[in-house]
Every structure is written in C-alpha cells, then in structure tokens.
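For reference, the structure is listed below as structure tokens.
The values are calculated or read from the model by the stated rules, or taken from the named source; none is laboratory data. All values derive from a computational prediction rather than experimental measurement. When we count neighbours, we look across all protein chains shown, and the Cβ atoms used for this are built from the backbone with ideal geometry, even at glycine.
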C-alpha cells in the first residue's frame, strides 16, 4: 500500500473507512480480545497478558515483550 | 590522393603520454580532410570490419570489434546493460518472516538473485507484464505467460543428531542458512510445457546466501517474477559486466638493450614484452642502434593486448624517447560476462538485433517526416 493511501485508524473513523482499516483494533473489538499474546524477548516463549497483569514473562521473568507479527500477508516490491 | 599507411596509423592512434592523452577525437568523417572521401558506405564498412573471438564461455566472452566507430561500440555496450530483457523476482508476498533480516531487505535480496530456465520459454513464451493501475485488481494482469511463481518456505530447527557442544550453526541446526537453492518453482498453466525437467526455473548459482536463521525462526513467502529491462532496475540487467577497451599499442622507437630491456619488461604485465637476442646481422648494420651488442637481449613487443596501459615505462628516464604508448581508436576489445539467463555471445547478437530494430523505427519516423 502506498504511503499516501494509509489512514491512521481512529476510534471514530475506524468503522467508516472500510477496507483500509480492516483488522485495526476498533473500540468494540478491543474489549472482546482483552487477552493479548506477546513474545518474550529473553526466552522467546509466548506470553498472554490480561488487562491489568504485570508486564513480565511468567517463565523467565523477562520484562521485554514483543508484539506478535501480523498474521496477514505483506507485499513488497523486490527493489 | 590516398593518405600513406603511416598517416592512417597516426590518425587511428590515441596517444598516451606521461600525464595526458592526445588525439582523442576521431577524424574519419566527411569534410575533415580536403580531397578525401569519408562518407559512410555499407560496402566500405563491410570490407574494413572484422570480429575476432578471444574467449567464448557461457558466462564470459571476450572478442574484438575492429573497424567500428566508438558511437556504435558504445551503443552495443549500453544496450547490453540496459535494454535486453531478463526474468527477475519483482513482487514478494511475505506470509511470515521471523528472521533477523527485515522484510524489505529480504525482498530486495531476493530480487537480485539471477535465475535461469528453459530458453525457449523465457525468450518466446514469456511476454511483458503490465502493472495494474491503482484501484484495479492487483492480479488482473497476471497470467501464466507473464508471471512465474516461486515459493520459499524454510524453518530452522535444532539438529538432534549434533554433538551437544557443537559450535558450528550449520551442524547444530537444520536450515541455519537459507540458500537460493531452497527456492521452489511452482509452474502454473502452460508453464509446465516450457519449464519442466532440465528447463525448470532455478537460480543460476544455488549457493547464494539469502538469510541466516536460528531455531524456531521461519521464512514463509511467495514471489512473482516478471520480465523487465536493466533501464528499469539493474536486477533485470543480463550482464554482470559488459565493457570494452581500446587495443593498447606499444611502439619501441629506439632499441632497448641489456639490463634496460629486462627492466622494461618488468614495467608491463607478464607476456606483453619479450626478450630476444640481438642477431649478428642486426649488430653489423650501422645506424640500427644495435652495433656491438650481438648476443645481448633486446626488448620486443610480444602481445600488446595483454597490456593494462599503466604507463609505468614512461616514468623511468632511461626509456625516455625510446617508447611510444597509444591505443587503436577503432579496435574495441569487448568483455561480456553474462549473469546466466543468456549465453554471453548470444547477448551480443541480441544487442545487434536491438540496435537494428531501433534503426528501423527511426527510419520509419524519417520517412513519415518527409511525406
């Protein structure tokens, strides 16, 4: 997607922008998926955190957590 | 009044002096020399032109074009680099990439890998791909005759058979390195007819390193290849290098004898200057410069083509006035290294074909202009 077409997803415009913001976390979707999965930077394991949980890996107590990569395909030009 | 052979050689030589070059512009055009006819005619070109092959291998060809103008030789070189089409990876669809190499860098690396496949399929079956306009279906123009699909799916795992203290990642893990040979060609539609068996589309060099992985890291992507030209992106250029140089000329004007001859030989690359014994006949001739030197070594030019024209001989005072360096203006030593999708000699013929086509187009335009 060219940079010019990108729209910053906002809570208000999220629903109306249609396809462009598909998959962006709108207001109501956020509540239903309140448990998020992260990847621990120290041990590489999956960490599930709920809303008010302590930000730390339960296996190794590592405090650096990474967000998971999108499950969607990403297209690049080989240039 | 035809010019003498000496005069012709002078006109045809670019002078190479200690710190300058002289006589760089060609003068064989009409009106430059009064009373001489230098108009271009195809018969005259044909009788003066010749091609000599020095080396002809798949990925490296070297040959001389003799009796051609620099404008034409340069046109061939530029067509070789920028206008002969090849097939290369253009779009990369990344499903997953957890390696340390970033998506866009990975895509760029993939694009630069040269591929080879059935020549008939690549040259005749595959046609140009037109990029869909913005808003159009992104795959609207993708067909089996303009798009080749490749896939790369690699996951690194721990090798259970490795020694516990193994330090070499290639032995400790499976797929620690991702190579070009891991790319899989997926034929679609009529591509099965053209690209099966030995004609399959494969990387020219299977051992090109694409990425390095560690256990649990994975690369999972698909690629689309299209035809393109080097003017668009250098990954489409069919040559690694395509260059020419002018034939070096070394003219020994006064004899170089004895230890000087050996020093003179060392001023040039190996094989350029040879040492010969001065014969009794030469030594007995007065005014030749060899008097009384019978049996000593003298320097002779053996193969000036091997010279790199470093001008080292011009630095030493003992050779001053004894040697003249130059280059032949109409002798082009081409060197073409193919990246593998074409044969090197085939590439030059293709360049000639392209130039011919351009001339035909221009001719039609001129005709239209006159009408």
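Sort out which residues of segment B:302-320 are buried (at least 19 other Cβ atoms within 10 Å of the Cβ) and over 24 Å from residue B:243 (Cβ atoms), and write them in order of number.
Hits for segment B:302-320 are B:313, B:319.
Quick check on residue B:110: is it modelled with pLDDT of 95 or more, more than 24 Å from the chain's Cα centre (by Cα) and either in the same structural domain as residue B:177 (by TED's automatic domain parsing) or at positive phi (or both)? Criteria not met by residue B:110. Comparison of B:65, B:110 shows that the only residue that is touching a residue at least 60 places away in the same chain (Cβ under 8 Å) and within 14 Å of chain A (Cβ to nearest Cβ) is B:110.
Yes or no, residue by residue, for (1) touching a helix residue (DSSP H, G or I) at 6+ places or on another chain (Cβ under 9 Å); (2) at pLDDT below 80; (3) farther than 30 Å from residue B:109 by Cα; (4) surrounded by 12 or more Cβ atoms within 10 Å (Cβ to Cβ):
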{"position": "A:19", "(1), (2), (3), (4)": "no, yes, yes, no"}
{"position": "A:26", "(1), (2), (3), (4)": "no, yes, yes, yes"}
{"position": "A:35", "(1), (2), (3), (4)": "no, yes, yes, no"}
{"position": "A:60", "(1), (2), (3), (4)": "no, no, yes, yes"}
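Every residue, every condition in (1) crowded, with 17+ Cβ neighbours inside 10 Å; (2) modelled with pLDDT of 95 or more, yes or no:
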{"position": "B:155", "(1), (2)": "no, yes"}
{"position": "B:186", "(1), (2)": "no, yes"}
{"position": "B:196", "(1), (2)": "no, no"}
{"position": "B:217", "(1), (2)": "yes, no"}
{"position": "B:247", "(1), (2)": "yes, yes"}
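Could you go through segment B:7-21 and let me know if any residue there is in contact with a helix residue (DSSP H, G or I) (Cβ under 6 Å, 6 or more places away or on another chain) and either closer than 30 Å to residue B:202 by Cβ or at pLDDT 90 or above (or both). Yes, there is a match, as at least one residue in segment B:7-21 is in contact with a helix residue (DSSP H, G or I) (Cβ under 6 Å, 6 or more places away or on another chain) and either closer than 30 Å to residue B:202 by Cβ or at pLDDT 90 or above (or both). Picking from residues in segment A:37-57 that are within 16 Å of residue B:216 (Cβ to Cβ) and assigned to a loop (DSSP other than H, G, I, E, B), the one that is modelled with the highest pLDDT is A:57.
If you take the residues of segment A:61-77 that are outside any loop (DSSP other than H, G, I, E, B) and more than 7 Å from chain B (Cβ to nearest Cβ), which of them is nearest to residue B:94 (Cα to Cα)? Result: A:67.
Count, please, the residues in segment B:219-274 that happen to be within 14 Å of chain A (Cβ to nearest Cβ) and over 30 Å from the mean Cα position of the chain (by Cα). Number of matching residues: 4. Selection of segment B:29-59 for residues being in a strand (DSSP E or B) and farther than 19 Å from residue B:71 by Cα yields B:52, B:53, B:54, B:55, B:56, B:57. Scanning segment B:160-184 for residues that are surrounded by fewer than 18 Cβ atoms within 10 Å (Cβ to Cβ) and in contact with a helix residue (DSSP H, G or I) (Cβ under 6 Å, 6 or more places away or on another chain) gives B:162, B:166. Exactly one residue among B:352, B:323 is surrounded by fewer than 19 Cβ atoms within 10 Å (Cβ to Cβ), farther than 27 Å from residue B:89 by Cβ and within 32 Å of the chain's Cα centre (by Cα), and that residue is B:352. Kindly list the number of the only condition in (1) closer than 15 Å to residue B:192 by Cα; (2) within 14 Å of chain A (Cβ to nearest Cβ); (3) touching a helix residue (DSSP H, G or I) at 6+ places or on another chain (Cβ under 7 Å) that fails for residue B:147. Unmet for residue B:147, out of (1) closer than 15 Å to residue B:192 by Cα; (2) within 14 Å of chain A (Cβ to nearest Cβ); (3) touching a helix residue (DSSP H, G or I) at 6+ places or on another chain (Cβ under 7 Å): (3).
Per-residue answers, yes or no, for (1) assigned to a loop (DSSP other than H, G, I, E, B); (2) closer than 19 Å to residue B:55 by Cβ:
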| site | (1), (2) |
| --- | --- |
| B:295 | yes, no |
| B:299 | no, no |
| B:314 | no, no |
| B:324 | no, no |
| B:337 | no, yes |
| B:353 | no, no |
| B:358 | no, no |
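Only a single item in (1) without any contact (Cβ under 8 Å) to a residue 12 or more places away in the chain; (2) in contact with a strand residue (DSSP E or B) (Cβ under 7 Å, 6 or more places away or on another chain) is not met by residue B:291, and it is number (2). Screening B:26, B:71, B:64 for residues that are in a helix (DSSP H, G or I) and either within 30 Å of residue B:239 (Cα to Cα) or touching a strand residue (DSSP E or B) at 6+ places or on another chain (Cβ under 9 Å) (or both) leaves exactly one candidate, B:71. From the residues in segment B:123-138 that are within 13 Å of another protein chain (Cβ to nearest Cβ) and exposed (fewer than 11 other Cβ atoms within 10 Å of the Cβ), which one is nearest to the chain's Cα centre (by Cα)? Applying the filter and picking the extreme gives B:133. Of all the numbered requirements in (1) in a helix (DSSP H, G or I); (2) outside the structural domain of residue B:351 (by TED's automatic domain parsing); (3) out of contact with any strand residue (DSSP E or B) (no Cβ under 7 Å at 6 or more places or on another chain); (4) in contact (Cβ under 8 Å) with a residue 60 or more places away in the chain, residue B:76 misses one, and that requirement is (2).
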